[in-house]
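Here's the structure, in structure tokens; my notes come after.
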Amino acid sequence: YSFEVSADSTLSAGAWWIMIYNSTTAPADGAVTPTKCYALASGVTSYSAAWPSPIVFTTGITIGVSTTGCYSKTASVHAYISGDAK
């Protein structure tokens, strides 16, 4: 029901995005359609969120970060991601 993402100085040097997919794997870079997307401004090094009611993910849950936006994924390995589920 919740997740946290911590970005290192490389990722947080510019704007970045957290994307959540209804999938067991992250899609390839390029055009994507995430279930949820959060935009983070340059300088932001962490983000956490929780849902009071669970969001339905019928296939799986995959969380990743991108340096190019919600609908055009360019993956970055400069983040630590954790999540909690019931």
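Observations, loosely collected:
- Beta carbons closer than 9 Å, at least 6 apart along the sequence or on distinct chains, pair a first residue in region 62-77 that is under 12 Å from Gly30 (Cβ atoms) with a second that is among the acidic types (Asp, Glu) for Ser66/Asp29; Thr68/Asp29; Ser72/Asp29; Lys73/Asp29; Thr74/Asp29; Ala75/Asp29.
- The condition (being open to solvent by less than 30 Å² (accessible area, probe 1.4 Å), at pLDDT below 95 and under 12 Å from the mean Cα position of the chain (by Cα)) is satisfied by just one residue among Ala26, Ala49: Ala49.
- Given (1) modelled with pLDDT under 95; (2) more than 11 Å from the chain's Cα centre (by Cα), index of the condition Gly43 fails: (1)
- Exactly one residue out of Thr33, Thr10 is open to solvent by 70 Å² or more (accessible area, probe 1.4 Å), more than 10 Å from the chain's Cα centre (by Cα) and touching a residue at least 60 places away in the same chain (Cβ under 8 Å), and it is Thr10.
The values are calculated or read from the model by the stated rules, or taken from the named source; none is laboratory data. This structure is a prediction, so every number in the text was calculated from the model and none was measured. As a convention, Cβ positions derive from the backbone with ideal geometry for all residues, glycine included, and neighbour counts pool all protein chains shown. The accessibility values were calculated without ligands, DNA or RNA, using every heavy atom of the protein model including side chains. Shrake-Rupley method; radii C 1.70, N 1.55, O 1.52, S 1.80 Å.
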